[in-house]
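Read-outs: derived from the displayed coordinates by stated rules, not from any lab. Nothing here was measured: the structure is a model prediction, and the numbers come from that model. Using ideal geometry, Cβ is built from the backbone for each residue, glycine included, and neighbour counts are taken over all protein chains shown.
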Amino acid sequence: MGNAVGGAASGVVTVRFFAGARAAAGVSETSVVAGLTQDDFVAELVGRHGERLATVLKVASFLVNGVAWRDGHRPLPAGAEVDVLPPFAGG
């Protein structure tokens, strides 16, 4: 569960969890290998952190380097940062 220092060189992607996603994952940050599609990315995180996180990921938004990850078939580039954002209640 580390930081992706030198991520571009090593094919690593940093994943940051926020709010309910952080609580469900039990960590604020982890890393995954580059090249994962969105389905593979979700499967990897659920495999590590369990079904509680799976529930959150079903409704979460993913930002890759600050841009919404809408094309789930597009693989994650090496050195990227993915923010996992659950829906936020507000008012």
Note to self: Using amide H atoms built in the peptide plane, which far-off residues or other-chain residues are under 5 Å from Leu36 H to H?
What the structure shows: Leu76
Notebook entry, point to check: Relative to the present Cα-Cα distance, how much length would full extension add between Val59 and Val33 at 0.36 nm per residue of separation?
Noted result: 7.1 nm
Margin query: I want to check the label-to-label distance for Val67 and Arg48. Put each point 7 Å from Cα in the C-beta direction and report it in nm to one decimal.
Written below: 2.4
Notebook entry, point to check: Hey, what angle do you get for helix 38-49 against the long axis of the chain, alpha-carbon based, 0 to 90 degrees rounded to 10?
Noted result: 70
Checklist line | Viscosity 1.002 mPa s, 20 °C: Kirkwood-radius Stokes-Einstein D of the chain over Cα pairs, µm²/s | finding: 165
Notebook entry, point to check: In whole percent, what relative contact order does the chain give with Cα contacts below 8 Å and a gap of six or more residues?
Noted result: 39
Next item on the list: Enumerate the amide H contacts of Val15 below 5 Å, restricted to partners 5 or more residues apart or on another chain; note that Pro and chain-start residues carry no placed amide H.
Entry: Thr30, Ser31, Val32, Val82
